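Every number in this text was worked out from the coordinates using simple rules, so none of it is lab data. All figures in this text were calculated on a predicted structure; none of them were measured in a lab. Here Cβ is always computed from backbone atoms with ideal geometry, including for glycine, and neighbour counts include all displayed protein chains.
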Amino acid sequence: MTQEELDLLTQHLSADKQFIHDGYYRLRKLDETTYEVAFLVADACGATSVHPQITIEKQGDTWQAVKLLDFVSTPVETIVYSQETAQELSDRLEQLSKQVLHAINQ
């Protein structure tokens, strides 16, 4: 993810979940070099679960996905960055980014 893409997300999302078009979205800044981007799904009791939440870290000029959590998938998904998971994390971050942008533009 480029800095420009993150800047666009920060214009529309905040640390508090907010309903946009098809679900709840959140962008939490953990520190100067780490964010969490999340799509959340409400359950019958009104609680929300991440579907997914991706942690990104600043690496050079870009933001790289380093961890994914998905509590709605069966089984629950937890992916941590490694050589073997790097491409999958990158693909899932791209997918979530497109989903957020689609929701924002509805």
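Overview of values
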| read-out | value |
| --- | --- |
| Cα-based Kirkwood hydrodynamic radius, segment 40-99, one decimal, Å | 12.3 Å |
| Reachable lysines, given that their alpha-carbon falls under 20 Å from the alpha-carbon of Lys58 and they are not under 8 places away in the same chain | Lys29, Lys67, Lys98 |
| Order of His12, His51 - criterion: other Cβ atoms within 10 Å of each residue's Cβ, fewest first | His12, His51 |
| Linear extension gain, Ile104 paired with Thr2, 0.36 nm per residue minus alpha-carbon span | 34.9 nm |
| Per-residue ³J(HN,Hα) for segment 83-100, Karplus 6.51 cos²θ - 1.76 cosθ + 1.60, θ = phi - 60°, Hz, x for Gly and Pro | 4, 6, 9, 4, 5, 4, 4, 4, 5, 5, 5, 4, 4, 5, 4, 5, 5, 4 |
| Length gained when the stretch Ala15-Thr78 is fully extended (0.36 nm per residue, less Cα-Cα span) | 20.5 nm |
| Matching label, semi-axes √(5λ) of the Cα gyration tensor in Å computed from the structure shown, candidates (i) 21, 18, 12; (ii) 38, 19, 12; (iii) 23, 16, 11 | (i) |
| Ellipticity estimate at 222 nm from DSSP helix runs (n ≥ 4, -39,500 (n - 2.57)) divided over the chain, nearest 500 | -9000 deg cm²/dmol |
| Extended-chain gain in nm, criterion 0.36 nm per residue less alpha-carbon gap, Gln87 and Val41 | 14.1 nm |
| Cα centre as origin, Lys/Arg/Asp/Glu Cβ charges: the chain dipole, Debye | 280 debye |
| Per-residue ³J(HN,Hα) for segment 7-16, Karplus 6.51 cos²θ - 1.76 cosθ + 1.60, θ = phi - 60°, Hz, x for Gly and Pro | 4, 5, 5, 5, 6, 10, 10, 9, 5, 8 |
| Options Ile56, His21, Gln99, ranked by Cα towards positive dipole end of the chain, top entry (Cβ charges) | His21 |
| Relative contact order (%) - criterion: Cα under 8 Å, at least six apart; region: segment 3-104 | 18 percent |
